[in-house]
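**Q** The structure that follows is given in the form of structure tokens.
The values are calculated or read from the model by the stated rules, or taken from the named source; none is laboratory data. In this text the structure is predicted, and so the values were computed from the model without any measurement. For neighbour counting, all protein chains shown are included, and Cβ atoms are generated from backbone atoms with ideal geometry for every residue, glycine included.
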Amino acid sequence: MKPIAIYNTDTIAESLAREHGQYPDMFIKSLGAINPALRFARFDVNREVYPESLAGYAGVLITGSQSAAYDSDPWIDRLKANIVDLVELGVPLVGICFGHQIIHQALGGRVQKAAGGWCVGVHANRLTGAAVDYGPEGEVFNLLSSHQDQVTDCAPGTEILASTARCPVAMTRIGDRVLTFQGHPEFTRDYAQALMDWRRERIGVTVCEAAMASLSQPLDEQRALHWMLQTLGQK
């Protein structure tokens, strides 16, 4: 079984990482729980570390980040160029949150600050008519969210597979080898709560309190994790 290349795009504060790990750790734990035989390789692309070749990998998973897809940091420009190459080569590609956003930004879409501000806590993702391979139109799956940016214009050729009340572009597919989610199937409730506590002043007390209350709702992260593995050819 070929390993999944995890493109890590952030370094979580040590105060959070001590208990919850870095983003690659979260994906390895959540996906590995589905299939313990899965293999992974981590590349800190936010430090411009890339595999020499992707020939030996099943595909690429791009993590979330506190950075913005429209930032002009050199590592972000390099990542966007790499995404274009991955799509042209037909490498299976999955993006989560920032990963979702930067895939669209790299391929001709647009990412902006959400007009409604921060989206945090549990959000209901409703499947669209284009999501026939994932479930009936209107079916809902709940995911944790933590973002203030959104995809406002999709990359050409995009199918919008799910939307939330606050985020019209919540799950997308580009061709049959690119799948993206604005939500976080790798997050636990404990980490979502810790992250909101850490960002409370930035997010705002009222928004945080409502989001904290939402954490009692059921989650459907297993569905999203299975869909990710399908795209990466690991099911």
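**Q** Looking at the stretch 140-165 only, could you name the residues that are assigned to a loop (DSSP other than H, G, I, E, B) and either surrounded by 15 or more Cβ atoms within 10 Å (Cβ to Cβ) or in contact with a helix residue (DSSP H, G or I) (Cβ under 8 Å, 6 or more places away or on another chain) (or both)?
**A** Correct list: Gln148, Cys154, Ala155, Thr164.
**Q** Still on this structure, I have one more. Give Ala155, Ala81, Ala124, Ala115 a once-over and let me know the one that is over 15 Å from the mean Cα position of the chain (by Cα) and modelled with pLDDT under 95.
**A** On inspection, the qualifying residue turns out to be Ala115.
**Q** For the stretch 65-86, which positions are of a type in the set (A, V, I, L, M, F, W, C) and surrounded by fewer than 19 Cβ atoms within 10 Å (Cβ to Cβ)?
**A** Answer for the stretch 65-86, where residues must be of a type in the set (A, V, I, L, M, F, W, C) and surrounded by fewer than 19 Cβ atoms within 10 Å (Cβ to Cβ): Ala68, Trp75, Ala81, Val84.
**Q** Can you tell me how many residues within the stretch 36-55 are exposed (fewer than 13 other Cβ atoms within 10 Å of the Cβ), at pLDDT 95 or above and either in a strand (DSSP E or B) or among the small types (Gly, Ala, Ser) (or both)?
**A** 1
**Q** So, one more: Which of the residues belonging to the stretch 214-235 are assigned to a loop (DSSP other than H, G, I, E, B) and not aliphatic (A, V, I, L, M)?
**A** Ser216, Gln217, Pro218, Asp220, Gly233, Gln234, Lys235
**Q** Please find, among Ala81, Ala5, the residue that is more than 29 Å from Val120 (Cβ to Cβ), of a type in the set (A, V, I, L, M) and without any contact (Cβ under 8 Å) to a residue 60 or more places away in the chain.
**A** Being more than 29 Å from Val120 (Cβ to Cβ), of a type in the set (A, V, I, L, M) and without any contact (Cβ under 8 Å) to a residue 60 or more places away in the chain holds for just one of Ala81, Ala5, which is Ala81.
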